[in-house]
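Q: Got a structure here, written out as structure tokens. Questions coming.
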Amino acid sequence: NAGVTQTPKFQVLKTGQSMTLQCAQDMNHNSMYWYRQDPGMGLRLIYYSASEGTTDKGEVPNGYNVSRLNKREFSLRLESAAPSQTSVYFCASSAPRGPNSPLHFGNGTRLTVT
Amino acid sequence: AQKITQTQPGMFVQEKEAVTLDCTYDTSDPSYGLFWYKQPSSGEMIFLIYQGSYDQQNATEGRYSLNFQKARKSANLVISASQLGDSAMYFCAMRGSNTGNQFYFGTGTSLTVIP
């Protein structure tokens, strides 16, 4: 009963380094999301993918890129990490559009950029 | 524009008492869903309860209930008989029919249950 799996759980980067956060879901969901969580700011949407082959910007997309590799996988890439990207990152997925389908979250990645 | 507001940054409740966490929302969508999530100190996001905008009755899930007042655009979470394990951050979220792929979150309320 894996649900949404994201890796790694923790990561420390130096400014300018790149990395990719991986996410996979086994619930056959069409929609997948990347959020970042910062103290006092709730969850802010970085990018989402309504279906395989499509991606859209969310509230805070600058400095990030995404790839919807297939229906299961949605990765988030930081090309040149900055200290402002220190945050907790959550991947999530949801059933097809309809206001009654909740988000299912991965366990999060704690990223520190020094 | 869609917006979720949680005005209580922190709340305290005595063990075994009930507590209400406030959530107001703003949307122009004709139908929408409202969700509450719990985030314990371990960090994971746990889905608690859902309320549809056309649901006639308030949603309940065990000790959680949602006090939905559509005219006031509020969707308050009520936790009955609080337990120490209820200490966590609680987030209100909304998903609209016209923005079906996006969820909007409030900034959260930190609940502390006092023994």
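Q: Please name all residue pairs, on different chains or six or more residues apart, with Cβ atoms under 9 Å, provided the first residue is in region B:86-105 and is on the phi < 0 side of the Ramachandran plot and of a type in the set (Lys, Arg) and the second residue is part of a strand (DSSP E or B) and open to solvent by 10 Å² or more (accessible area, probe 1.4 Å).
A: Pairs that qualify, where the first residue is on the phi < 0 side of the Ramachandran plot and of a type in the set (Lys, Arg) and the partner is part of a strand (DSSP E or B) and open to solvent by 10 Å² or more (accessible area, probe 1.4 Å), are B:95/B:32; B:95/B:104.
Q: Still on this structure, please answer the following. Would you mind finding the one in A:12, A:4 that is modelled with pLDDT of 95 or more, touching a strand residue (DSSP E or B) at 6+ places or on another chain (Cβ under 8 Å) and surrounded by fewer than 20 Cβ atoms within 10 Å (Cβ to Cβ)?
A: A:12
Q: Here's another thing I want to ask about it. Here is a list of conditions, (1) farther than 20 Å from residue A:41 by Cβ; (2) surrounded by fewer than 15 Cβ atoms within 10 Å (Cβ to Cβ), and residue B:7 meets all of them except one; can you say which number that is?
A: Every condition holds for residue B:7 apart from (1).
Q: Ok, one more. Taking only region B:73-115 into account, find how many residues are open to solvent by 10 Å² or more (accessible area, probe 1.4 Å), of a type in the set (A, V, I, L, M, F, W, C), within 21 Å of residue B:58 (Cα to Cα) and in contact with a Leu (Cβ under 8 Å, 6 or more places away or on another chain).
A: Selection size over region B:73-115: 2.
Q: Can you tell me how many residues within region A:3-60 are without any contact (Cβ under 8 Å) to a residue 24 or more places away in the chain and touching an Asp or Glu at 6+ places or on another chain (Cβ under 6 Å)?
A: 3
Q: Here is a follow-up. Only one residue in A:39, A:96, A:102 is more than 19 Å from residue A:4 (Cβ to Cβ) and modelled with pLDDT under 95. Which one?
A: Going through A:39, A:96, A:102 in turn, the sole match is A:39.
Q: Turning to a different aspect of this structure: Looking only at residues that are of a type in the set (D, E, K, R) and assigned to a strand (DSSP E or B) in region B:10-38, which one is least open to solvent (accessible area, probe 1.4 Å)?
A: Across region B:10-38, the extreme among qualifying residues is B:38.
Q: Shifting gears a bit: Tell me which of these residue B:115 doesn't satisfy, since it passes every other one: (1) facing chain A (nearest Cβ under 10 Å); (2) in contact (Cβ under 8 Å) with a residue 60 or more places away in the chain.
A: Exception for residue B:115: condition (1).
Q: So residue A:54 fits all but one of (1) within 13 Å of chain B (Cβ to nearest Cβ); (2) open to solvent by 50 Å² or more (accessible area, probe 1.4 Å); (3) within 12 Å of residue A:21 (Cα to Cα); what number is the exception?
A: Only one criterion in (1) within 13 Å of chain B (Cβ to nearest Cβ); (2) open to solvent by 50 Å² or more (accessible area, probe 1.4 Å); (3) within 12 Å of residue A:21 (Cα to Cα) is unmet by residue A:54, namely (3).
Q: Only one residue in A:84, A:75 is among the hydroxyl-bearing types (Ser, Thr, Tyr) and surrounded by 17 or more Cβ atoms within 10 Å (Cβ to Cβ). Which one?
A: Exactly one residue qualifies, and that residue is A:75.
Q: Looking at region A:70-114, what strands (runs of 3 or more DSSP E) fall wholly within it and have at least 1 residues that are under 27 Å from residue B:52 (Cα atoms) and within 14 Å of another protein chain (Cβ to nearest Cβ)?
A: A:87-94
Q: Please go through region B:39-54 and give me each residue that is open to solvent by 70 Å² or more (accessible area, probe 1.4 Å) and more than 9 Å from chain A (Cβ to nearest Cβ), ordered by number.
A: If the condition is that a residue be open to solvent by 70 Å² or more (accessible area, probe 1.4 Å) and more than 9 Å from chain A (Cβ to nearest Cβ), then B:41, B:54 are the ones that fit.
Q: Next question, about the same structure. Based on this model, can you work out whether residue B:62 counts as within 14 Å of chain A (Cβ to nearest Cβ) and either open to solvent by less than 60 Å² (accessible area, probe 1.4 Å) or not polar (S, T, N, Q) (or both)?
A: no
Q: Related question: If you go through region A:68-90 one residue at a time, do you hit one that is hydroxyl-bearing (Ser, Thr, Tyr) and out of contact with any strand residue (DSSP E or B) (no Cβ under 7 Å at 6 or more places or on another chain)?
A: Yes - at least one qualifying residue is present in region A:68-90.
The values are calculated or read from the model by the stated rules, or taken from the named source; none is laboratory data. Fair warning: this is a prediction, and the values are worked out from it, not measured in the lab. Neighbour counts are summed over all protein chains in view; Cβ atoms, including those assigned to glycine, are modelled from backbone coordinates with ideal geometry. Areas reflect the complete protein model, heavy atoms only, side chains present, ligands, DNA and RNA absent. Shrake-Rupley method; radii C 1.70, N 1.55, O 1.52, S 1.80 Å.
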